[in-house]
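The block underneath contains the structure these notes are about, expressed in structure tokens.
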2 protein chains.
Amino acid sequence: MISRAVSKSPLLIRGRLLSFLSEPESTDDEASYRYETDGGILVRDGVIEAVGDFAEIGAGVGKGVEVADHRPHLIMPGFIDAHAHMPQMQVIASYGAELLDWLNNYTFPAETKFADASHARRIAGHFLDMLIRHGTTTVAAYCSVHRASAEALFEAALLRDMRIIAGKVMMDRNAPDGLRDTPQSGYDDSKALIGRWHGKGRLSYAITPRFAITSTAEQMEMAGALAAEHPELHIQTHLSENHAEIALAEELFPDRTDYTDIYDHYGLTGPKTLFGHCIHLSEREADVLADSESVAVFCPTSNLFLGSGLFDYQRYRKRGKTLRVAAATDVGGGTNYSMLRTMDEGYKVIALQGEKLNPLAAFWQVTLGNAQALSLDERVGALEPGREADFVVLDASATPAMQVRAETIETLAEELFLLQTMGDDRAIVETYVAGKPMKSGLEG
Amino acid sequence: MISRAVSKSPLLIRGRLLSFLSEPESTDDEASYRYETDGGILVRDGVIEAVGDFAEIGAGVGKGVEVADHRPHLIMPGFIDAHAHMPQMQVIASYGAELLDWLNNYTFPAETKFADASHARRIAGHFLDMLIRHGTTTVAAYCSVHRASAEALFEAALLRDMRIIAGKVMMDRNAPDGLRDTPQSGYDDSKALIGRWHGKGRLSYAITPRFAITSTAEQMEMAGALAAEHPELHIQTHLSENHAEIALAEELFPDRTDYTDIYDHYGLTGPKTLFGHCIHLSEREADVLADSESVAVFCPTSNLFLGSGLFDYQRYRKRGKTLRVAAATDVGGGTNYSMLRTMDEGYKVIALQGEKLNPLAAFWQVTLGNAQALSLDERVGALEPGREADFVVLDASATPAMQVRAETIETLAEELFLLQTMGDDRAIVETYVAGKPMKSGLEG
């Protein structure tokens with residue numbers, strides 16, 4: 001029996017509030033955000049009804065409204081993870097391989113286990129709880145090739161009333177037995193999942209060809225057909241992560257100009273397409289992504305762990321034709337569920353290229369920035385009336401090491417940078433999903 | 001009143017024991033370590049009296065001996081951090097600068113506060129407790145220019161009976177008022193500190209010219225004189241971290257062949273010299289370090305955070321003239337006190353260069369490897385009779401994310417890699433210093 005967990009009675013949440021309005025250009029860009037030192041968010045039926053100064057918001061509501069007082073902590077929109085693999089929770093920290101060997105040696109064997117629906121259900125629940133524990137309220141997730149794995153994840157998300165985007169992976173070659181579909185079954189299973197789950201609760205389906213290496217031309221055509229039949233859907237796949245991958249993809253599709261052109265040819269670029277990695281793009285490929293308004297997804301912990309390379313975030317943001325960029329964990333190539341840890345590694349990847357990512361921009365990226373990249377900004381990513389009530393409550397003194405450092409913090413930007421550089425799941429005091437406090441209810 | 005905290009009554013510690021014998025060449029190199037699945041360590045007067053199978057060790061001791069049972073956890077020699085800055089606890093996570101600006105804008109202002117002996121004492125205590133919390137039992141640490149900062153750190157280490165190497169920084173130029181000594185006062189203060197602290201308890205003094213940029217030729221000569229008068233002492237300094245630093249150092253010493261030659265000229269290379277960073281060394285410089293048996297200290301979180309560059313660990317280990325290498329946090333350029341987090345970042349730095357560091361080698365590095373690099377391997381770094389009783393007790397299921405992953409762990413190498421990739425201070429169940437459990441006694 002599936003039931004949604006929306007809280008029906010109103011709740012007034014109190015704390016310091018931070019919500020972005022636009023991409024911050026520097027640590028001094030005060031026009032890019034709204035900050036309330038004693039703020040209130042009135043939540044009803046999982047949605048923000050009012051937000052602002054606590055006294056003002058409080059004056060407008062009846063005496064009986066429950067108040068969740070999180071002072072002195074900082075409340076922001078829940079974090080968004082734009083790329084993660086649910087079936088790879090037990091692949092994190094697999095040693096010693098670059099992308100293609102890592103897939104063959106570790107990932108594919110782990111994913112074969114998701115033929116077992118009970119395993120899929122157990123891991124899907126762990127996966128969403130783990131995201132909540134780390135302050136993430138929305139994810140764009142890959143399931144395994146098995147329809148049951150997507151059923152499990154959608155069911156778990158519906159139970160938690162989480163806004164997620166997910167899809168069953170389509171892959172019909174270059175994968176072991178038990179982990180391949182066919183062009184027809186991949187299409188049929190995706191179609192059935194779309195019918196059953198897309199638009200239910202807060203769920204969205206994403207057409208999910210894993211990457212060009214594991215899909216035949218026939219499957220790419222079928223994925224393109226699905227996309228044409230369902231222009232409202234997201235598409236998620238991988239692009240230009242590693243040199244050996246690029247070479248193999250181009251060898252498998254010799255008629256295409258380059259790796260990006262494979263996806264473009266089959267109608268898989270566009271404003272709702274999320275391309276994981278995009279590390280080694282040529283200028284031509286970057287232009288194709290920009291022209292099609294496709295999204296390049298930055299996965300720093302994964303790119304470092306697998307030695308894939310350095311995503312040139314500032315080049316993509318500053319070039320003539322700007323790219324839409326999202327940030328993501330890429331668990332299990334990525335090594336941590338936390339968007340704080342992710343942006344700390346992101347800062348380092350950018351620093352190695354002689355650039356900096358200012359802390360306001362980093363927190364914009366994982367909230368409003370990712371919401372925009374996922375075309376979800378009318379629903380989540382900001383503390384605004386009418387937006388869904390997904391929040392994260394942050395404590396920059398959560399650990400002894402942070403406490404010592406926090407003594408000398410004076411500005412909001414310093415607080416954010418401390419959270420990003422030293423924070424982990426302990427810095428997440430609470431995670432609200434559709435207005436309901438979820439982290440504090442988890443075991444362990 | 002200073003008193004050492006050595007535990008006098010014997011203690012029998014039980015758990016899985018891992019201690020390295022040599023540098024592991026692969027994850028299969030079983031000859032490189034000793035592993036006891038049910039091991040015992042008998043500790044008396046802060047020293048290991050016997051180590052081996054628990055039943056055998058237990059049979060040899062009287063009934064009244066206290067047993068600390070850490071099963072099923074893994075016990076290793078305490079971690080060693082070969083380079084950290086005590087006065088930089090409140091500098092971690094300072095935004096947006098490369099090395100020289102980072103020093104001028106953040107580090108030097110923070111270090112001026114250590115003219116105040118009470119501030120120095122408070123932070124010195126926090127610093128050692130923080131290391132203990134993260135499983136580190138020995139550190140080579142920089143203090144500030146102020147003699148009182150070194151007094152504070154040595155006093156705090158003596159109270160905890162920790163084996164540390166430390167020294168007051170010598171710097172007589174290119175630093176603000178209140179943060180410069182003179183060639184003579186730097187020499188005199190160092191000399192006084194050596195007389196008072198070196199060899200007391202488990203303390204060692206390190207001659208500590210910060211780096212060539214902040215020492216005049218006169219001060220470099222005085223540092224060389226100290227080194228000649230005290231060949232038993234360590235020397236610690238910085239070398240080849242960042243391109244602007246290298247250029248400035250070479251400009252300040254135009255008669256020297258290169259940056260390394262500056263230190264070599266003043267008699268500051270040698271088997272007890274610890275050179276922090278060594279990222280951009282020429283082959284000639286690497287040869288000088290190799291010929292002099294100097295140590296190159298790898299500081300991955302710092303090198304990534306400041307965007308300094310990638311330490312070529314495998315080149316240094318595999319070149320014709322091998323370099324002695326240590327690993328270190330470099331707090332506060334480094335962002336984490338944990339040697340687990342450090343080696344995770346180290347793995348990534350090495351992966352970006354197309355190489356891998358196997359997990360056995362990583363844990364060798366932070367125990368026996370660092371002990372050898374610091375010429376302390378007759379005292380610490382291994383579980384052997386006669387070695388000092390510094391241990392770390394590790395739990396690879398310490399967090400919910402690790403628990404899910406640990407379900408599929410089968411080998412010791414996998415367990416170590418999981419600890420390194422996902423572990424933090426929560427994975428440190430206990431830290432023993434001179435036979436005394438110290439972490440569990442800390443607040444917070």
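Every number in this text was worked out from the coordinates using simple rules, so none of it is lab data. Please read these numbers as outputs of a predicted model, since none were measured by experiment. Cβ atoms come from the backbone with ideal geometry, glycine included; neighbour counts cover every protein chain shown.
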Checklist entry - What share of the DSSP beta bridges in the protein assembly as shown is antiparallel, in percent to the nearest 5? => result 40 percent
Checklist entry - For A:E232, which inter-copy label distances result when the label point lies 7 Å beyond Cα on the Cα-to-Cβ vector, reported in nm to one decimal and in ascending order? => result 8.1
Checklist entry - Which value, in debye to the nearest 20, describes the size of the charge dipole of the stretch B:142-219 about its Cα centre when Lys and Arg Cβ atoms bear +1, Asp and Glu Cβ atoms bear -1, and nothing else is charged? => result 300 debye
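Could you compute the FRET efficiency for B:E229 and B:R173, with r as their C-beta to C-beta distance and R0 at 25 Å, rounded to 0.05? If you can, show how the numbers build up before the last one.
Numbers: r = 23 Å, r/R0 = 0.93.
It comes to 0.60.
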Checklist entry - What percentages, rounded to whole numbers, describe P(r) for the stretch A:390-444 computed over all alpha carbon pairs with 10 Å bin width beginning at zero? => result 25, 46, 25, 4
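Indicate, rounded to the nearest 5 percent, the antiparallel portion of the DSSP beta bridges found entirely in chain A. Let's see the in-between values first.
Values: 26 of 62 bridges.
Given both bridge residues lie in chain A, the antiparallel proportion sits at roughly 40 percent.
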Checklist outcome for this item: Placing each pseudo-label 7 Å from Cα in the direction of the beta carbon, A:E218 and B:T216 end up separated by a distance in nanometres of 8.2 nm
Checklist entry - Using only Cα atoms, what Kirkwood radius does the stretch B:116-180 have, in angstroms? => result 12.2 Å
Item to check | Tensor-based shape of the stretch B:335-418 (alpha-carbon gyration tensor, a/c under 1.5 rounded, otherwise prolate or oblate) | outcome: oblate
Checklist outcome for this item: With the label set 7 Å along Cα→Cβ, A:P385 is separated from its counterparts in the other copies, in nm and shortest first, by 8.0
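At most 13 other Cβ atoms within 10 Å and a DSSP loop assignment: could you name the GluC sites (Glu not before Pro) in the stretch B:241-275 that fit?
Values: sites: B:E241, B:E245, B:E250, B:E251; in loops: B:E241.
Passing sites in the stretch B:241-275 do not exist.
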Item to check | Fluctuation leader among A:I409, A:I132, A:I213 - chain A, Gaussian network, Cα springs under 10 angstrom | outcome: A:I409
Item to check | Most mobile listed residue (B:L394, B:L412, B:L360) in chain B, GNM with C-alpha springs under 10 Å | outcome: B:L412
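Size of the dipole of chain A about the Cα centre, Lys and Arg at +1 and Asp and Glu at -1 on the beta carbon, nothing else charged, in debye to 20?
Values: 41 positive and 63 negative charges, 237 e Å.
The calculation lands at about 1140 debye.
Under a Cβ-only charge scheme (Lys and Arg +1, Asp and Glu -1), can you give me the dipole magnitude of the stretch B:287-444 about the Cα centre, in debye to the nearest 20? Write out the running numbers ahead of the final one.
Details: 15 positive and 22 negative charges, 79 e Å.
Computed charge dipole of the stretch B:287-444: roughly 380 debye.
What percentage of all Cα-Cα pairs in the stretch B:73-190 are separated by more than 17 Å?
Numbers: 3881 of 6903 pairs.
More than 17 Å apart: 56 percent of the Cα pairs in the stretch B:73-190.
Can you check how the C-alpha radius of gyration of the stretch A:193-319 compares to 2.2 N^0.38 Å, as a plain ratio?
On the way: Rg = 14.6 Å, N = 127, 2.2 N^0.38 = 13.9 Å.
Rg over 2.2 N^0.38 Å, computed on Cα atoms: 1.05.
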Checklist outcome for this item: What a careful reader reports for the chain A Cβ nearest the rotation axis onto chain B, distance rounded to whole angstrom, is A:D424, 3
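Taking every residue in B:329-338, how many Cβ atoms of other protein chains lie within 10 Å of its Cβ, on average? Provide the component values of the computation, followed by the final result.
Numbers: counts 0, 0, 1, 1, 0, 0, 7, 4, 3, 1.
Per residue, the average neighbour count from other chains is 2.
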Item to check | FRET efficiency for A:V67 and B:H119, using Cβ-Cβ distance with R0 set to 35 Å, rounded to 0.05 | outcome: 0.35
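Which GluC sites (Glu not before Pro) in the stretch B:1-83 pass both tests, a DSSP loop state and at most 12 other beta-carbon atoms within 10 Å?
Working: sites: B:E25, B:E30, B:E36, B:E49, B:E56, B:E66; in loops: B:E25.
Counting only loop positions with at most 12 other Cβ atoms within 10 Å, the GluC sites (Glu not before Pro) in the stretch B:1-83 are B:E25.
Between A:S9 and A:D291, what is the FRET efficiency for a Förster distance of 45 Å, r being their Cβ-Cβ separation, to the nearest 0.05? Show your work: numbers first, answer last.
Details: r = 48 Å, r/R0 = 1.07.
Given R0 = 45 Å and the Cβ-Cβ separation, E is 0.40.
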Item to check | Residue-averaged beta-carbon neighbours from other chains (10 angstrom radius) around A:126-139 | outcome: 1
Item to check | Extension gain from A:E56 to A:T257, taking 0.36 nm per residue of separation minus the Cα-Cα distance | outcome: 66.5 nm
Checklist entry - What is the order of A:T27, B:T260, A:T322, fewest Cβ neighbours within 10 Å to most? => result A:T322, A:T27, B:T260
Checklist entry - So, how do all the Cα-to-Cα distances of the stretch A:276-366 break down into 5 Å bins, in percent, from 0 on up? => result 3, 15, 27, 26, 19, 9, 1
Checklist entry - Given a cut-off of under 8 Å on Cα pairs at least six residues apart, what relative contact order in percent is computed for chain B? => result 20 percent
Checklist entry - What span do the alpha-carbon atoms of chain A cover on each of the three principal axes, reported in whole Å from largest to smallest? => result 65, 54, 38
Next on the checklist: Tell me the mean residue ellipticity at 222 nm calculated for chain A from its helices only (DSSP H runs of n ≥ 4, each -39500 (n - 2.57), averaged over every residue, nearest 500).
Outcome noted: -10000 deg cm²/dmol
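Please give the per residue volume of the convex hull enclosing the alpha carbon atoms of the stretch A:12-114, rounded to a whole number of Å³. Working shown, then result.
Numbers: hull volume 19.8 nm³, N = 103.
Enclosed volume per residue, from the Cα hull, is 192 Å³.
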Item to check | Angle between chain B longest axis and helix B:339-352 axis [Cα atoms, degrees, rounded to 10] | outcome: 70 degrees
Next on the checklist: Sort B:C299, A:C143 by Cβ crowding within 10 Å, fewest neighbours at the top.
Outcome noted: A:C143, B:C299
Item to check | Charge-dipole axis of the stretch B:210-292 as Lys and Arg at +1 and Asp and Glu at -1 on Cβ define it, positive-most pick from B:T273, B:S292, B:M220 | outcome: B:T273
Checklist entry - If you build a Gaussian network model of chain B, linking Cα atoms that sit under 10 Å apart, which residue out of B:Q420, B:Q372, B:Q90 swings the most? => result B:Q90
Checklist outcome for this item: Taking Lys and Arg as +1 and Asp and Glu as -1, residues besides A:V61 with C-beta under 11 Å from its C-beta add up to -1
Checklist outcome for this item: Kirkwood Rh over alpha-carbon pairs of the stretch A:291-444 plugged into Stokes-Einstein at 37 °C, 0.692 mPa s gives a D in µm²/s of 198 µm²/s
Next on the checklist: On C-alpha positions alone, give me the angle between the axis of helix A:183-197 and the longest principal axis of chain A, in degrees, nearest 10.
Outcome noted: 20 degrees
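Sorting B:I41, B:I246 on the 10 Å Cβ count, fewest up front, what's the list?
With the sparsest Cβ surroundings first, the list reads B:I246, B:I41.
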Next on the checklist: Give me P(r) over the protein assembly as shown, computed from all C-alpha to C-alpha distances, binned every 20 Å, as integer percentages.
Outcome noted: 15, 45, 33, 7, 0
Checklist entry - What are the principal axis extents of the Cα atoms in the stretch B:146-196, in Å, biggest first? => result 35, 20, 14
